[in-house]
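Structure first, commentary second.
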Amino acid sequence: MTAPPRVSIQTADFDLAAETAALRAGDLGIGAVAAFVGTVRDRHPGQAGGISRLELEHYPGMTEKAIEAMIDEALRRFELRAARVVHRVGPLQPGEQIVLVLAAAAHRGAAFQACEFLMDYLKTQAPFWKKESTPEGERWVDARVADDEALARWGLRAGNAATATAAATAATAAAG
């Protein structure tokens, strides 16, 4: 039996139990699997109107390569036995699953840390673009300072939110 790929970018939904079983198959040294399943929210705090759809785009080939590098870094930092990331693209509705991160280790501490590290890395470094549809129209989702700060806990820097804020400020100044 061949191991499943470490990264899958897909439009289809995923099954947490099946993905976990495939990750654990044949490795009796795995004592812990930490899982994160992200779902599409219907709104953001302080936002008027709900989100009726979220559309994700990616750069095929580049996205998988970037996530593979993230997994390599997690394997280097933590005592992992395996890891897997499944990320959906295309149009998604509120409540649908969007991302799965699995981290398997001999002990729970490494599995939990690696899972959180991979999610923090995904939020700031993976080349995905999100567009929300609301009653007010569609808008591309900007990077958030909180995501950059979460990555900084691991000694990594991302300036995505600062870059997005500077670009929005420049565009506003040019238009005004």
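For residue 50, are the conditions met, namely being in contact with a Lys or Arg (Cβ under 6 Å, 6 or more places away or on another chain), part of a loop (DSSP other than H, G, I, E, B), at pLDDT below 95 and of a type outside the set (A, V, I, L, M)?
Working: in contact with a Lys or Arg (Cβ under 6 Å, 6 or more places away or on another chain): yes; part of a loop (DSSP other than H, G, I, E, B): yes; at pLDDT below 95: yes; of a type outside the set (A, V, I, L, M): yes.
Yes, satisfied.
Against the list (1) surrounded by fewer than 13 Cβ atoms within 10 Å (Cβ to Cβ); (2) modelled with pLDDT of 60 or more; (3) over 12 Å from the mean Cα position of the chain (by Cα), the condition residue 129 fails is (3). Checking segment 91-102 against the condition returns a match, with at least one residue being more than 27 Å from residue 140 (Cα to Cα), buried (at least 19 other Cβ atoms within 10 Å of the Cβ) and either among the hydrophobic types (A, V, I, L, M, F, W, C) or at pLDDT 95 or above (or both). Here residue 65 clears all of (1) within 19 Å of residue 24 (Cα to Cα); (2) charged (D, E, K, R); (3) part of a helix (DSSP H, G or I) except the condition numbered (1). Annotation: of all residues in segment 68-90 being among the β-branched types (Val, Ile, Thr) and closer than 21 Å to residue 21 by Cβ, the one that is surrounded by the fewest Cβ atoms within 10 Å (Cβ to Cβ) is 71.
The values are calculated or read from the model by the stated rules, or taken from the named source; none is laboratory data. In this text the structure is predicted, and so the values were computed from the model without any measurement. Don't worry about glycine lacking a Cβ; one is built from the backbone with ideal geometry, like all the others, and counts go over all protein chains shown.
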